[in-house]
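The values are calculated or read from the model by the stated rules, or taken from the named source; none is laboratory data. Predicted, not measured: the structure shown is a model, and the values here were computed from it. Here the Cβ positions follow ideal geometry from the backbone for every residue, glycine too, while neighbour counts run over all protein chains shown.
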């Protein structure tokens with residue numbers, strides 16, 4: 001894995017997230033708060049979970065040790081989540097700009113918040129994990145959006161790679 005490939009995955013993630021945000025804008029509070037039965041809760045809960053995961057992993061990669069994830073009290077509204085999301089996207093891009101190919105293969109050690117269990121993996125695996133995590137939950141949200149006639153459209157990587165403009 002090379003840093004240019006990681007950056008392209010994060011470009012894809014950003015693009016797909018923007019498609020999702022464009023579709024979410026027209027929803028009302030009842031739609032945003034309806035339980036999706038995905039183990040996390042509503043679309044609002046899942047969006048909060050997505051931004052929390054971005055923050056959590058970036059913080060770990062930069063040497064921090066988060067002890068909790070974002071809660072409803074931290075970001076109670078769609079707009080508050082969106083604002084934090086945009087800030088996190090900017091911080092992620094700044095972090096990615098610091099990386100080189102050799103950084104991706106270094107052993108990265110982190111501690112699971114719920115059990116204090118320690119894991120060690122090459123950095124690139126944790127970075128790919130975050131993209132995969134985001135894709136899973138973005139798909140759950142996209143399915144709910146489609147049920148509300150607010151489909152975000154095609155979110156697949158091949159569509160991203162082959163887009164014009």
Exercise for the section: Could you figure out which of (1) assigned to a helix (DSSP H, G or I); (2) in contact (Cβ under 8 Å) with a residue 40 or more places away in the chain isn't true of residue 51? Expected result: (2)
Exercise for the section: With respect to residue 46, determine if the residue is in contact (Cβ under 8 Å) with a residue 40 or more places away in the chain and exposed (fewer than 12 other Cβ atoms within 10 Å of the Cβ). Expected result: no
Exercise for the section: Sort out which residues of the range 88-124 are exposed (fewer than 13 other Cβ atoms within 10 Å of the Cβ), at pLDDT 95 or above and within 19 Å of the chain's Cα centre (by Cα), and write them in order of number. Expected result: 90, 94, 97
Fill in the blank from the handout: All-but-one check, residue 41 against (1) surrounded by 13 or more Cβ atoms within 10 Å (Cβ to Cβ); (2) without any contact (Cβ under 8 Å) to a residue 60 or more places away in the chain; (3) on the phi < 0 side of the Ramachandran plot, failing number (3)
Practice task
Looking only at the range 140-161, decide whether some residue is assigned to a loop (DSSP other than H, G, I, E, B) and at positive phi.
Solution key: yes
Exercise for the section: Might you check whether a residue that is within 21 Å of residue 65 (Cβ to Cβ) and in contact with a helix residue (DSSP H, G or I) (Cβ under 6 Å, 6 or more places away or on another chain) occurs anywhere in the range 133-155? Expected result: yes
Problem - Residue count for the range 23-38, restricted to those that are at pLDDT 95 or above and surrounded by 13 or more Cβ atoms within 10 Å (Cβ to Cβ) - result: 8
Practice task
Please tell me if residue 73 is part of a helix (DSSP H, G or I) and at pLDDT 95 or above.
Solution key: no
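Taking only the range 5-35 into account, find how many residues are in contact with a strand residue (DSSP E or B) (Cβ under 8 Å, 6 or more places away or on another chain) and either within 12 Å of residue 138 (Cα to Cα) or in a helix (DSSP H, G or I) (or both).
Taking the range 5-35 as the starting set, the residues that turn out to be in contact with a strand residue (DSSP E or B) (Cβ under 8 Å, 6 or more places away or on another chain) are 32-35.
Add one more test, that the residue is either within 12 Å of residue 138 (Cα to Cα) or in a helix (DSSP H, G or I) (or both), and what stays is 32-33.
Going through the range 5-35 one residue at a time, the tally reaches 2.
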